[in-house]
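No value in this document is a laboratory result; all are computed from the given coordinates. All values reported here derive from a predicted model rather than from experimental measurement. Counting neighbours? That spans all protein chains shown, and the Cβs are built from the backbone with ideal geometry, glycine included.
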Amino acid sequence: MLRIAAGTYGGILYGWDAIPVDDKSNTSSKKWQLKLRFGYSAHSECIKSAAFMKSRNGKILLSGSSDETIKIYDADKRIEVGTLMEQSGSITCLEFFQHTHLLSASTDKTVCIWRVSDWNCLHVLGGHKEEISAIAIHPSGKLAFSVARDQTLRMWNLVNGRCAYIRRLEKEAEIVRISTLGKRYLLTFGNVVSIFCTSDAELIGTLTHPKRMHACVFATDDLVVCAGEDRHIYVWNVDGTLLAKVTHADLTARIRCIDVIIENESSELPTIVLATSNGTVQIWDLNDLQLDSEFPLESNEAAQPAATTMILNAPRITCLTACVSLQNDTADQQENPDLALQSVETPTQITQPVSKKASNAPRVVIEMDDEVEAEETEQNAMKPPKKRKKSRNARKRKTKELS
């Protein structure tokens with residue numbers, strides 16, 4: 001089963017379960033049935049970002065908004081369990097690292113590092129001069145990239161909490177992504193996507209589109225999927241070779257976001273989930289596409305999605321996240337159909353959600369000139385500061401004074 005969640009401009013969070021369909025007429029391609037599980041008024045303003053904890057089968061779901069809050073949900077029980085309020089701007093990007101840490105980017109020019117076990121804000125990384133647009137975490141968990149409106153790319157060393165590298169860009173980059181193996185990263189500049197080598201920042205390939213791209217992801221370490229204003233899906237090799245160009249009758253508005261789902265390691269290519277700005281959600285199996293560099297459009301004229309659905313009233317979708325879930329949701333609904341109905345119509349909500357303000361979190365402000373290296377912070381970016389233990393004699397003296 002797949003879990004999909006999408007945030008909208010009006011602050012409503014939608015969620016679907018994608019259930020495999022046994023299609024005997026076509027055994028070569030896998031089909032899914034999308035079932036809407038909830039439509040929840042999560043925020044008072046636009047939802048800018050959403051993220052499932054993919055390493056735990058999507059048990060935890062987060063949403064970040066222009067109302068400067070991050071909401072936490074138990075996706076299994078479909079309830080809101082808490083709110084994070086540390087940053088003073090719109091939450092533009094949320095990225096989990098496995099099941100231990102979360103990075104959140106904001107228009108207040110900071111990146112917060114959260115510990116998932118107790119949702120404490122361990123550190124606040126500063127240094128950008130303008131609003132941060134996107135962040136990406138390296139698979140090793142030791143590095144993270146961020147891009148902002150100050151036309152810079154910053155590489156953060158998450159081991160010692162310092163800015164390891166600043167690259168000044170000719171234009172503002174809207175998206176940054178790191179490949180599945182961490183060997184490459186991409187930046188988007190309007191209709192152009194540039195691919196770089198992570199080790200030496202050398203340009204590998206340039207992907208040029210007719211219109212602006214709103215979504216770009218690494219399907220594999222060598223394949224990139226892009227979509228945007230022209231309502232087409234593009235599959236590229238990282239060297240700049242176009243392998244597939246796909247369109248569909250249900251894609252009547254710009255494609256706003258894409259997420260990648262790896263169902264199993266044996267599959268050659270992953271599954272992608274996309275959403276348009278007028279409320280259409282689709283699932284595409286990349287194994288069903290013909291990757292033909294000579295005829296990228298003609299080879300995929302008959303391509304069909306594995307599933308498609310449209311939200312009533314066509315809300316403006318702004319973000320999307322998806323993951324694989326091992327929970328047998330269908331069996332649960334058969335045992336208790338009233339619970340499933342309640343989850344769709346009126347999702348359960350805790351009346352007093354936990355509010356955690358990390359006011360005592362150490363703030364790490366990193367400034368770097370063109371030729372001056374950033375100062376190292378004394379704190380480890382992934383560990384809270386250790387408390388100093390009192391000596392045995394000191395404890396004895398204190399006991400004596402009290403007596």
(request) Based on other C-beta atoms within 10 Å, arrange Tyr234, Tyr9 from fewest to most. (result) Tyr9, Tyr234
(message) A 26 angstrom limit on the alpha carbon distance is what I want to check against. Which of Lys54/Lys171; Lys48/Lys211; Lys71/Lys245; Lys54/Lys142; Lys31/Lys54 exceed it?
(response) Lys54/Lys171; Lys71/Lys245
(message) I need Trp284, Trp236 ordered by Cβ neighbour count within 10 Å, fewest first.
(response) Trp284, Trp236
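Arrange the following residues from fewest to most other Cβ atoms within 10 Å of their Cβ: Cys197, Cys226.
Values: Cys197 13, Cys226 24.
By the 10 Å Cβ count, ascending, the order reads Cys197, Cys226.
Let me spell out the model: positive unit charges on the Cβ of Lys and Arg, negative unit charges on the Cβ of Asp and Glu, origin at the Cα centre of segment 263-310. What dipole size does that give, in debye rounded to 20? Write out the running numbers ahead of the final one.
Values: 0 positive and 9 negative charges, 66 e Å.
Magnitude of the dipole: close to 320 debye.
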